[in-house]
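A quick write-up on the structure given underneath.
Computed from the coordinates by the stated procedures, all read-outs in this text should not be read as laboratory data. These numbers were taken from a predicted model, which means no experiment stands behind them. Every residue, glycine as well, gets a Cβ built from its backbone with ideal geometry; the counts of neighbours run over all protein chains shown.
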Amino acid sequence: MLVFSTSDKGGAGRSVTSCNLAYRLCLSGKDVAYLDFTFGSPTAGALFEIDDVARGATSGGLHSYLLGSVGFPAGVDVHAMTDRAALRSSASRAAKLVLFPGDKGGAEFLTVNDGMVHRCADLLSQLERTFEVVVVDLSAGRSAALELALRATALPQLRAHTVRWLVFHRWSRQHILAAAGLVHGPNGLLRVGREWGHDAVCLLESVRYVRTAVPSVAALSMMSHPAQAAWLAEQDEVLKRLASSNRLGASALLGTTPVEPVLQWREQVILDVDVDAHIANPATADAFVELAHRLLDDGTWESF
Ligand SMILES: Nc1ncnc2c1ncn2[C@@H]1O[C@H](COP(=O)(O)OP(=O)(O)O)[C@@H](O)[C@H]1O
Ligand SMILES: [Mg+2]
């Protein structure tokens, strides 16, 4: 399965949630490849706490591969190479998790050419033979990374593969409208996908949304003045209606992550030891487990 993580805006929680999702998938026994296609600012090395590739690969990363200067991109075994001892020691309970970083200092691509598209498709189909899930974190917005992913998956060699698109957004008016625009708007995923040969209906059926860092109205209300609690509940309803009217309602939702203080303070993978030590909230780990489960569950992807 190929999973593309997108968001219209930066700061949507796309990378942090995708890394945590990848980690939970591998704890559930799936071999996972994680490709950092956020070409302008590679962050995945830092999230998995791998100092060597914290800002990208020193040589032969994804930029070099896509430009044709190496035959295969550098991959890093997360459990073996992470500086975080607790993540290293979860290796015995987990399947394989390999990070493919971009090049250190590599920039956003301004254009996409056929050579890059074919190399991208070759890489994805090769990785699909070794890994059960290939997670690709794309640069935000209508980026070259998004075009590359759409063009590669439209090629005959990837047509028959299972492809999922996850669109991440915060629980706010601007983010809801931006996420809807990225999928349905001008130069959005559906329009560009159709231009490169995708069937728009199939493409839309492969899209689900992830709402990140959603505040709990119930928890906030307990700490709030009644007037504030009423306002919060009303705004939450307004956002739900806005999401539904923009086709981001419950039937198109993969899941939600709660506001997590650990992630607000530090971008990282939430481990069970963080929950056991009462540092991270159990609901956060549960949310990542649930996202992983829903991603793999065919029922989630029945047409709506
Ligand atoms: N559930 C959450 N609760 C609180 N903060 C979060 C949550 N998810 C992500 N964040 C934080 O939001 C910020 C942006 O997330 P990031 O994944 O880097 O966004 P993107 O990849 O979309 O640009 C980071 O500081 C991250 O740790
Ligand atoms: Mg990111």
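For Cα pairs less than 8 Å apart in space and 6+ apart in sequence, what is the mean separation divided by the residue count of the stretch 180-304, i.e. the relative contact order in percent? Relative contact order for the stretch 180-304 comes out at 25 percent. Taking Cβ atoms as reference points and 13 Å as the exclusive limit, the residues near Gly11 contribute a net charge of +1, counting Lys and Arg as +1 and Asp and Glu as -1. Excluding same-chain neighbours fewer than eight residues apart, the lysines reachable from Lys30 by a Cα-Cα span under 22 Å are Lys96.
Considering only Cα atoms, the convex hull volume of the stretch 197-304 works out to 136 Å³ per residue.
Each of Ala283 and His118 was given a label point 7 Å from its Cα along the Cα-to-Cβ line. The distance between the two points is 5.2 nm. Look at the alpha carbon pairs under 8 Å that are at least 6 residues apart: their mean separation over the length of the chain gives a relative contact order of 23 percent.
Other residues with beta-carbon under 14 Å from the beta-carbon of Ser143 carry, at +1 per Lys or Arg and -1 per Asp or Glu, a net charge of -1. Remark: the stretch 205-304 carries a charge dipole of roughly 420 debye about the Cα centre, counting +1 on each Lys and Arg Cβ and -1 on each Asp and Glu Cβ. For the stretch 118-162, the fraction of alpha-carbon pairs lying more than 16 Å apart is 35 percent, rounded to a whole number. Of all lysines in the structure, not one lies under 17 Å Cα to Cα from Lys104 without also being fewer than 8 positions from it along the same chain. Summarised as an ellipsoid, the stretch 117-211 has semi-axes of 23, 15, 12 Å, derived from the eigenvalues of the Cα gyration tensor scaled by 5 and square-rooted, with the largest first. Put simply, the amide H of Gly56, placed in the peptide plane, has neighbours under 5 Å in Gly45, leaving out anything fewer than 5 places away on its chain.
Max-minus-min Cα coordinates of the stretch 202-247 on each principal axis give 47, 19, 10 Å, with the largest extent listed first. Largest first and in whole Å, the equivalent-ellipsoid semi-axes of the chain read 30, 25, 17, each the square root of five times a Cα gyration tensor eigenvalue. When the Cα centres of the stretch 157-230 and the stretch 16-44 are compared, how far apart do they sit, in Å? Here the answer is 19 Å between Cα centres. With N counted as the residues of the stretch 66-168, its alpha-carbon radius of gyration over 2.2 N^0.38 Å works out to 1.18.
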